[in-house]
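Structure incoming, see below.
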Amino acid sequence: MKFLDRLFEKSARNVAQRSSRRGLLKGLGAVLVGGASVPLLPVARAAAPAAPEHPVEEGDPASCDYWRYCAVDGFLCQCCGGTYNSCPPGTEMSTITWVGTCRNPVDGRNYVISYNDCCGVGQCGTCLCQRDERDRPLYRSDKSNDINWCLGSKSYVYNCSTAIVVGLAFDQ
């Protein structure tokens, strides 16, 4: 037993000679602050990312009555050489957008739709569509679909509007 006592006494004296109380307090403070910041680190919340929701498509995307266009205001890119997801050749998608929530009649679910204007070429001029389902009175002009959203792009010239499904809306 005396061997263990001598070993621990020698180690304790070596530690005492090489460190100070301030060093101990500094280390203890670092551990406390570091431990408190652990919950702030990014964490993978799920084992695998969920697959994006792709709605079942039914109907004519060139018709103003198509379910994705419930909050659109402008010419449909489907009629202008693009699709409801992409801009026509020679145009660029706007960097700013407005969103709407539309109900897909096939599956009865609500989807968040991003309406991006396509900019860079003169107005398309076909398939003008203005639907304002569940529209509210305008209190802030930046929340309106009547604005030319091409102001954030290289060209301010509006051509047409896309309707891109962003994801499934949470029903409340």
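We did not get these values from a lab; they are worked out from the coordinates using the rules stated. The shown structure was predicted, so the numbers you read here are calculated from the model rather than taken from an experiment.
Once amide H atoms are built 1.01 Å from N in the peptide plane, which residues 5 or more positions from Thr101, or in another chain, come under 5 Å H to H?
Amide H neighbours of Thr101: Ile113.
Please list 3J(HN,Hα) in residue order for the stretch 56-65, calculated via the Karplus relation 6.51 cos²θ - 1.76 cosθ + 1.60 where θ = phi - 60°; whole Hz, with x for glycine and proline.
Using θ = phi - 60°, the values come out as 6, 9, 8, x, 9, x, 8, 9, 5, 7 Hz.
Another question, then. Pulled fully out, how much extra length does the chain show between Asp60 and Phe8, if you take 0.36 nm times their separation in residues and subtract their Cα-Cα distance?
This chain segment gains 10.4 nm when fully extended.
Whole Å is fine, so just give me how far the alpha carbon centre of the stretch 78-113 lies from that of the stretch 1-24.
71 Å
Continuing with the same structure: For the stretch 67-168, state the average projected area of the convex hull of the C-alpha atoms over all orientations, rounded to one decimal in nm².
6.2 nm²
Give me, ordered by chain and number, the residues 5 or more places off Ala169 or on other chains with an amide H under 5 Å from its own placed amide H.
Here Asn110, Tyr111, Val112 satisfy the definition.
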